[in-house]
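Peer 1: Handing you a structure now.
The values are calculated or read from the model by the stated rules, or taken from the named source; none is laboratory data. What you see is a predicted model; the values in this text were computed from it and never measured. Reconstructed Cβ throughout: ideal geometry from the backbone, glycine too, with neighbour counts over all protein chains shown.
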Amino acid sequence: MLERFKVPISDQIKVSSESLKKTVSEIFEKMGVPYEDSILGADVLVTTDLRGVETHGVSNMMRKYTEMYNEKKLNPNPNWKIIREAPATANIDADKGLAVILGPKAMNIAIEKAKKVGVGIVTMHNSGHSGAIGYHAMLAAKKDMIGMCMTAGGRAVLPTFGSEPLLGTNPIAFAAPAKTEPFLLFDAATSSIAGNKIELASRVNAKLLPGWISNIEGTPLTTEEYVPEKGNYFLLPVGGTRELGSHKGFGFSMIAETMTALLSGVMSSMLDPESKAGNHCFIAYDISSFTDLENFKNNMDEMLKTLKTSKPAPGHENVYYPGLIEHQETAKRLSEGIPLHKDVVEWFQNITTELNISNLKTI
């Protein structure tokens with residue numbers, strides 16, 4: 001994550017990952033989520049914070065999920081079910097369950113199918129937010145498979161040359177194992193800036209870079225700007241402008257729309273502006289069905305080592321492949337604690353008092 005989004009040291013309060021998991025799981029339980037699901041949801045969120053991906057950890061998301069449970073927009077105990085299935089595929093109706101919790105279950109179904117027939121593809125619709133989808137993709141990588149995950153929903157991002165937001169931030173994640181190197185893990189929005197980073201920028205009073213957002217007419221802003229008032233800007237696809245490749249971000253976003261909503265048999269948010277549900281796709285590839293597993297992992301090692309030992313550009317110390325910085329950050333935060341913004345800690349203190357549960361322990 002860029003330095004501009006990180007919590008200033010003066011505003012940091014550090015907490016242990018175990019304390020954070022305990023508090024988050026208890027909040028989920030108070031919302032009516034079953035115990036085992038509460039533990040799983042807390043693990044997804046806190047693992048994301050440990051990796052330094054604060055946009056999709058507890059800082060932004062726990063508050064939103066709590067509000068949505070209280071407003072009955074999320075079902076804490078969904079009767080999710082597979083509505084269509086084949087040996088390699090399944091389509092799940094999530095019954096408005098939170099995909100942070102149902103996503104790992106869907107990926108595990110894809111993994112089991114991949115064990116039998118080489119590949120498993122599971123779509124999910126009628127669900128809530130999926131959190132950091134890299135978590136779900138990594139479940140397959142930990143089973144010596146390649147994992148992919150996509151999600152789509154909402155209307156916040158402009159298509160190239162457009163002035164009407166028709167797309168979500170529509171992230172795509174990809175994870176693959178190596179022999180000794182940390183996993184390759186790519187997880188990114190198809191918009192120039194993830195929507196949740198806007199909230200982080202507001203919290204730490206950081207400026208947005210050129211090409212990240214447009215004005216309400218759809219014209220890309222080409223200077224650094226503080227976050228405008230809500231409703232006075234739109235997000236842009238990766239690339240920002242056509243000249244810098246926004247058609248590529250737009251195209252990847254359309255892939256996510258197609259693989260999640262349309263493949264699930266439902267209309268995307270582009271076609272159904274009133275829809276608040278998220279749509280997702282989980283894919284597992286059994287590496288041993290394609291090639292020798294050990295050979296694949298050895299080759300991954302060589303590729304990843306080549307990248308991280310390659311010559312860096314002036315002003316940079318290292319080249320990092322996707323997932324390496326997050327791996328290093330996890331080790332650091334497990335040892336030193338997770339730095340939360342003081343405003344986030346204050347929210348936790350208020351909600352734990354309100355719900356009469358264990359307060360978050362700071363370090």
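Peer 1: Only one of these is in a helix (DSSP H, G or I) and more than 24 Å from Tyr135 (Cβ to Cβ): Glu346, Glu326. Name it. Give the steps one after another, and end with the answer.
Peer 2: Numbers: Glu326 fails: more than 24 Å from Tyr135 (Cβ to Cβ).
That would be Glu346, the only listed residue that is in a helix (DSSP H, G or I) and more than 24 Å from Tyr135 (Cβ to Cβ).
Peer 1: It is to be established whether one or more residues within region 61-71 are surrounded by 18 or more Cβ atoms within 10 Å (Cβ to Cβ), touching a strand residue (DSSP E or B) at 6+ places or on another chain (Cβ under 6 Å), modelled with pLDDT under 95 and closer than 30 Å to Leu209 by Cα.
Peer 2: No, every residue in region 61-71 fails to be surrounded by 18 or more Cβ atoms within 10 Å (Cβ to Cβ), touching a strand residue (DSSP E or B) at 6+ places or on another chain (Cβ under 6 Å), modelled with pLDDT under 95 and closer than 30 Å to Leu209 by Cα.
Peer 1: Can you report the number of residues in region 187-233 which are of a type in the set (S, T, N, Q) and within 20 Å of His341 (Cα to Cα)?
Peer 2: Step one: of region 187-233, the residues of a type in the set (S, T, N, Q) are 190-192, 196, 202, 205, 214-215, 219, 222-223, 232.
Subset that is within 20 Å of His341 (Cα to Cα): 196, 202, 205.
Qualifying residue count, region 187-233: 3.
Peer 1: Among the residues of region 250-303, count how many are among the hydrophobic types (A, V, I, L, M, F, W, C), out of contact with any helix residue (DSSP H, G or I) (no Cβ under 8 Å at 6 or more places or on another chain) and in a helix (DSSP H, G or I).
Peer 2: 11
Peer 1: Does Ala256 satisfy being at pLDDT 95 or above, within 16 Å of Pro171 (Cα to Cα), within 20 Å of the chain's Cα centre (by Cα) and not aromatic (Phe, Trp, Tyr)? Outline the logic, then answer.
Peer 2: Details: at pLDDT 95 or above: yes; within 16 Å of Pro171 (Cα to Cα): yes; within 20 Å of the chain's Cα centre (by Cα): yes; not aromatic (Phe, Trp, Tyr): yes.
So Ala256 passes the test.
Peer 1: Against the definition (touching a Leu at 6+ places or on another chain (Cβ under 8 Å), assigned to a loop (DSSP other than H, G, I, E, B) and in contact (Cβ under 8 Å) with a residue 40 or more places away in the chain), how does Leu20 come out, yes or no? Step through it out loud before you land on a result.
Peer 2: Values: touching a Leu at 6+ places or on another chain (Cβ under 8 Å): yes; assigned to a loop (DSSP other than H, G, I, E, B): no; in contact (Cβ under 8 Å) with a residue 40 or more places away in the chain: yes.
For Leu20, the condition - touching a Leu at 6+ places or on another chain (Cβ under 8 Å), assigned to a loop (DSSP other than H, G, I, E, B) and in contact (Cβ under 8 Å) with a residue 40 or more places away in the chain - is not met.
Peer 1: Would region 265-273 turn up any residue that is surrounded by fewer than 23 Cβ atoms within 10 Å (Cβ to Cβ), in contact (Cβ under 8 Å) with a residue 24 or more places away in the chain, closer than 19 Å to Pro165 by Cα and in contact with a Lys or Arg (Cβ under 9 Å, 6 or more places away or on another chain)? Give the derivation first.
Peer 2: Our first condition is that a residue be surrounded by fewer than 23 Cβ atoms within 10 Å (Cβ to Cβ); within region 265-273, this holds for 265-267, 270-273.
Subsequent filtering for residues that are in contact (Cβ under 8 Å) with a residue 24 or more places away in the chain retains 265-266, 270, 273.
After this cut, where a residue has to be closer than 19 Å to Pro165 by Cα as well, the list is 270, 273.
Now drop any that are not in contact with a Lys or Arg (Cβ under 9 Å, 6 or more places away or on another chain), which leaves 270, 273.
Yes - at least one qualifying residue is present in region 265-273.
Peer 1: Continuing with this model, one more query. Within region 148-171, can one find any residue that is more than 24 Å from Phe250 (Cβ to Cβ) and part of a loop (DSSP other than H, G, I, E, B)? Steps first, answer last, please.
Peer 2: Pass one, region 148-171, residues more than 24 Å from Phe250 (Cβ to Cβ): none.
The answer is no; no qualifying residue exists.
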